[in-house]
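The values are calculated or read from the model by the stated rules, or taken from the named source; none is laboratory data. If you're wondering where the values come from, they're calculated on a predicted model, not measured in any experiment. Neighbour counts run over all protein chains shown; Cβ positions are idealised from the backbone, glycine included. Calculation scope for accessible area: heavy atoms of the full protein, side chains included, ligands and nucleic acids excluded. Shrake-Rupley method; radii C 1.70, N 1.55, O 1.52, S 1.80 Å.
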Amino acid sequence: MKYDFSAIESKWQKFWEDDKTFEVGIDHSKPKYYALVEFPYPSGAGLHVGHIKAYTGLEALSRKKRLEGYNVLFPMGFDAFGLPAENYAIKTGVHPRISTDKNIAHFSDQMKKVGYSFDWSRVIDTSSEEYYKWTQWIFLKMFDHGLAFRDTALVNYCPSCKVVLSNEDSQGGKCDVCHSDIVQMPKEVWYLRITEYCEKLLEGLARVDYPAYVKAQQENWIGKSTGAFVDFQLKGSEEKLRIYTTRPDTLYGVTFMVIAPEHPVIDRNAKVIKNMPAVEDYRAECAKKTEFERTQLVKDKTGVRLEGLSAINPVNGKEIPIYISDYVMMGYGTGAIMAVPAHDQRDWEFAKKFGIDIIEVIKGGDISKEAYTGDGEMINSGVLNGLTNKKDSIEKMLEFLEQKGIGEKGVQYRMKDWAFNRQRYWGEPIPIIHCPHCGLVGVPYDELPLRLPDVKNFEPGTDGESPLARIEEFVNCKCPKCGGDAKRETDTMPQWAGSSWYYLRYIDPHNDSAFASEEAKNYWLPVDWYNGGNEHVTRHMIYSQFWHRFLYDIGEVNTPEPYMKRTCIGLVLGPDGDKMSKSKGNVVDPLDVIKVYGADTLRTYVLFMGDYEKAAPWSENGVTGCKRFLDRVWGLQDILTGSEEYRAEFTSKMHRTIKKVTSDIDSVKYNTAIASLMTLINDFYSSGAVTRAELRDFCILLYPFAPHITEEIFEAQKFGGYIHNAKWVSYDEALCKEDEVEVAVQINGKIRDKLTVSAEAEQDEVIEAAKALERIAAEISGKQIVKAIYVKGRLVNIVVR
RNA sequence: GCGGGUAUGGCGGAAUUGGCAGACGCGCCAGAUUUAGGUUCUGGUGUCCAACACGUGCAGGUUCAAGUCCUGUUACCCGCACCA
């Protein structure tokens with residue numbers, strides 16, 4: 001009988017759906033397991049093979065965990081708000097609701113054709129009212145706790161998309177979506193005070209099992225640095241100028257100061273500054289530059305000295321000049337630095353250009369050539385002189401500063417507050433009312449969701465306003481506090497909002513009175529394993545770790561961390577080894593693969609194609625190989641014997657394969673798990689037969705990867721019930737060992753012969769047997785045996801001279 | 001510049017963590033089946049080969065034994081980046 005994959009696959013997909021096989025509920029009689037994969041944005045393009053690889057990993061784990069007796073929550077949903085649907089609407093006039101629903105239906109259909117064991121009763125859509133009601137609810141909680149606030153800022157503005165973008169969305173000075181150049185625009189915008197959670201986010205990393213590089217990336221993103229704040233008295237003004245430095249030990253080497261062009265101290269002391277016109281010119285020049293130009297295209301240091309204003313170095317009383325330069329940012333530290341040209345390359349370059357003194361305070365370099373940033377003996381440094389260790393000198397200086405009251409220890413973070421709004425239509429409306437009397441007032445909780453109104457024109461306003469601003473019925477409202485006329489906020493939340501908490505909704509997706517019940521939180525949280533793309537380990541994951549930690553702090557969830565374990569998938573590259581992209585024409589459509597080879601082949605291939613966590617090119621031939629493997633699996637039914645036991649010569653092989661597949665699935669080594677099944681099936685064919693017990697257990701091992709074919713064989717051969725209800729196979733460590741093993745025999749570390757011995761044989765016995773081998777005997781005769789080593793079950797090495 | 005990572009046949013990749021390098025799959029070669037192509041099956045396949053020998057980016061080192069450990073070095077990939 002031929003392996004008719006398409007009949008088999010549709011049969012079992014229908015069965016699982018009708019039977020609701022994978023729907024789960026709270027069941028205290030079983031241990032829970034929460035496996036989470038990143039949900040997709042339902043684009044018009046449909047599922048990509050990258051999605052397939054991402055989902056199939058934990059899909060295999062979930063199927064296995066169920067057989068192992070776990071109550072497995074493996075949900076799926078759609079991150080449905082976002083720009084593409086809106087841009088599509090602007091182009092075609094089709095409402096994002098309509099195109100999004102269509103895309104969700106298409107994605108769901110495709111996922112079902114792959115045979116995923118998602119709990120389809122829990123599907124969520126972040127753009128549905130039932131969902132975004134709770135996104136707004138969490139936002140309001142943050143607002144109530146002072147974590148959501150408005151501030152005027154220079155924002156990254158994309159003139160083409162007509163939206164304000166966060167720094168994360170405008171990397172490299174280009175818009176993430178349309179790749180136009182970003183310009184700077186002053187605007188009052190919403191922020192979430194994520195910086196308040198820097199320490200908690202860092203500390204949380206100790207509790208979770210993320211790959212080291214993921215932790216490193218998050219730490220890097222948060223960017224903690226420790227140092228000191230130091231106050232410099234201004235000469236010609238009453239003010240003190242506060243700077244931040246990580247090297248307070250170099251204070252004696254300070255020969256000038258630099259402040260950001262936007263620093264407010266300039267305006268406050270405008271009268272004293274003699275060259276204000278030149279200063280204003282420079283500031284205007286800087287304001288024109290985008291963030292990208294200011295930070296990326298650094299060729300030469302520029303700046304202007306503030307004539308008439310200077311500062312006093314607090315440790316030695318020396319008067320030093322102050323410059324403005326765009327190499328100092330207002331957004332980091334205090335917007336002012338003490339410059340130590342001898343030991344900081346940027347300061348060195350600036351000093352060289354402007355002819356400023358360079359004073360060496362750390363011995364060890366040649367400061368006439370470049371700044372010296374290494375360790376060395378402190379010189380010209382008063383109390384620090386003679387110290388040779390950076391840590392000691394920093395400590396001593398901090399002590400000194402605190403004692404004199406001129407400075408203190410300080411900490412800075414690279415991460416900035418999260419610009420939390422878009423002037424766009426297709427997103428969660430921010431549930432805030434602007435009242436002329438009461439200021440910002442939250443929409444009352446019982447009025448949530450604040451519905452996204454229907455509009456005809458999706459085009460954003462040319463001044464960066466949201467399309468919502470044009471809808472008077474939406475904008476005009478009464479203040480919930482004073483009852484007076486007020487206006488609604490018309491901005492919507494950014495793409496990242498809905499995905500920051502979606503894993504919490506899956507545990508109780510239809511709850512109307514809370515985002516999830518206490519019972520569900522207590523049972524399902526936290527997520528045990530979260531798998532997804534590398535590109536999400538900073539933005540998405542940090543954002544959701546922040547939201548979760550906030551909910552924990554206000555008692556809304558019971559675990560400080562959302563995700564206990566994280567893995568990242570390697571990219572699926574095109575057959576040419578390049579990143580898959582429509583423009584290159586190297587995109588593989590998973591549905592095409594399913595039509596020709598079947599879903600089981602597709603699933604097996606994406607896990608077999610290479611190291612799961614590394615990028616690998618798609619290979620049609622590789623797919624064929626997996627199809628051949630499944631053909632051979634099907635063919636095992638033709639060589640089936642009636643025995644309900646393992647054959648003696650297969651006992652050890654079976655147990656070893658069970659052990660390998662079991663541990664490999666748990667440790668993301670799907671490729672070697674599948675390889676070991678291929679080896680086993682090759683052995684079955686070589687022996688010309690397979691017993692019922694062998695085939696049954698083989699099917700269970702293969703089931704996580706290829707569930708349809710194994711369901712079918714299990715039923716056809718009447719192995720008992722359905723394979724999805726079977727118990728995962730167990731192995732006996734003792735039986736994994738072979739009775740006899742072949743060991744290599746080496747002379748001086750080089751292989752000379754092989755020897756078959758009992759696995760339990762002792763060292764002396766094996767060495768004697770090795771020496772007795774004809775070839776070995778010939779080679780060692782007349783030589784002195786210095787040493788002989790036996791590594792049990794592996795090799796013998798005879799060292800001769 | 002800082003942080004993280006990778007380097008193994010013609011290709012994707014294995015290697016119980018110091019113990020027979022190249023499992024498994026692809027590709028390729030030969031043979032069988034087939035009217036032919038494809039499919040399927042059998043055998044072979046790191047390099048040089050009769051053998052010795054040589055082989056895990058490169059150069060050293062430790063060890064009876066190194067893809068694995070140590071020192072140095074090169075190339076590539078990813079993240080952050082005038083962060084004071």
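Just a yes or no: is a residue in segment A:299-308 away from RNA strand B (no atom under 15 Å from the Cβ), in contact with a helix residue (DSSP H, G or I) (Cβ under 8 Å, 6 or more places away or on another chain), closer than 20 Å to A:L241 by Cα and open to solvent by less than 40 Å² (accessible area, probe 1.4 Å)?
yes
Residue by residue through segment A:333-380, note down the ones that are without any contact (Cβ under 8 Å) to a residue 60 or more places away in the chain, within 18 Å of A:P248 (Cβ to Cβ) and more than 13 Å from RNA strand B (Cβ to nearest atom).
Within segment A:333-380, A:Y372, A:D375, A:G376, A:E377, A:I379 meet the criteria.
What about A:S117, is it of a type in the set (S, T, N, Q) and either more than 26 Å from A:A516 (Cβ to Cβ) or not in a helix (DSSP H, G or I) (or both)?
Yes, satisfied.
When the residues of segment A:210-257 are filtered to those that are β-branched (V, I, T) and in a strand (DSSP E or B), which remaining residue is modelled with the lowest pLDDT?
Applying the filter and picking the extreme gives A:T226.
Taking the condition of being within 14 Å of RNA strand B (Cβ to nearest atom), within 27 Å of A:L735 (Cα to Cα) and surrounded by fewer than 12 Cβ atoms within 10 Å (Cβ to Cβ), how many residues in segment A:748-793 meet it?
1
Need the failing condition index for A:I674 against (1) part of a helix (DSSP H, G or I); (2) surrounded by 16 or more Cβ atoms within 10 Å (Cβ to Cβ); (3) more than 14 Å from RNA strand B (Cβ to nearest atom), just the number.
Exception for A:I674: condition (3).
Could you say which residue among A:D592, A:D578, A:D611 is of a type in the set (D, E), near RNA strand B (Cβ under 9 Å from one of its atoms) and surrounded by fewer than 17 Cβ atoms within 10 Å (Cβ to Cβ)?
Among A:D592, A:D578, A:D611, only A:D611 is of a type in the set (D, E), near RNA strand B (Cβ under 9 Å from one of its atoms) and surrounded by fewer than 17 Cβ atoms within 10 Å (Cβ to Cβ).
Check segment A:614-625 and report whether any residue there is under 30 Å from A:S29 (Cα atoms), within 15 Å of RNA strand B (Cβ to nearest atom) and surrounded by 17 or more Cβ atoms within 10 Å (Cβ to Cβ).
no
Residues checked against (1) aliphatic (A, V, I, L, M); (2) within 24 Å of the chain's Cα centre (by Cα); (3) within 21 Å of A:R505 (Cα to Cα):
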site: A:Y3; (1), (2), (3): no, no, no
site: A:G25; (1), (2), (3): no, no, yes
site: A:F78; (1), (2), (3): no, yes, yes
site: A:I90; (1), (2), (3): yes, no, no
site: A:P96; (1), (2), (3): no, no, no
site: A:S99; (1), (2), (3): no, no, no
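Among the numbered criteria (1) charged (D, E, K, R); (2) touching a residue at least 12 places away in the same chain (Cβ under 8 Å); (3) within 15 Å of RNA strand B (Cβ to nearest atom); (4) surrounded by fewer than 17 Cβ atoms within 10 Å (Cβ to Cβ), which one does A:K565 miss?
Every listed condition holds for A:K565 apart from (3).
From A:Y282, A:Y323, which residue is under 25 Å from A:T246 (Cβ atoms) and at pLDDT 90 or above?
Within the list A:Y282, A:Y323, the selection yields A:Y323.
Is it the case, given these coordinates, that A:S127 is within 24 Å of A:W524 (Cβ to Cβ), in contact with a strand residue (DSSP E or B) (Cβ under 9 Å, 6 or more places away or on another chain), at pLDDT 90 or above and assigned to a loop (DSSP other than H, G, I, E, B)?
Judged against the criteria, A:S127 is a match.
From the list A:K660, A:K718, A:K737, A:K669, which one is among the basic types (K, R) and in contact with a helix residue (DSSP H, G or I) (Cβ under 6 Å, 6 or more places away or on another chain)?
Result: A:K660 is the single residue among A:K660, A:K718, A:K737, A:K669 that is among the basic types (K, R) and in contact with a helix residue (DSSP H, G or I) (Cβ under 6 Å, 6 or more places away or on another chain).
If you scan segment A:68-103, which residues turn out to be in contact (Cβ under 8 Å) with a residue 60 or more places away in the chain, within 30 Å of A:D666 (Cα to Cα) and surrounded by fewer than 20 Cβ atoms within 10 Å (Cβ to Cβ)?
Of everything in segment A:68-103, those that are in contact (Cβ under 8 Å) with a residue 60 or more places away in the chain, within 30 Å of A:D666 (Cα to Cα) and surrounded by fewer than 20 Cβ atoms within 10 Å (Cβ to Cβ) turn out to be A:E68, A:G69.
Anything in segment A:546-576 that is assigned to a loop (DSSP other than H, G, I, E, B) and either more than 25 Å from A:G610 (Cα to Cα) or among the β-branched types (V, I, T) (or both)? List them, or say none.
The answer is A:I554, A:G555, A:E556, A:V557, A:N558, A:T559, A:P560, A:E561, A:P562, A:M564.
Within segment A:460-495, which residues are in contact (Cβ under 8 Å) with a residue 60 or more places away in the chain, open to solvent by 30 Å² or more (accessible area, probe 1.4 Å) and touching a Phe, Trp or Tyr at 6+ places or on another chain (Cβ under 9 Å)?
A:Q495
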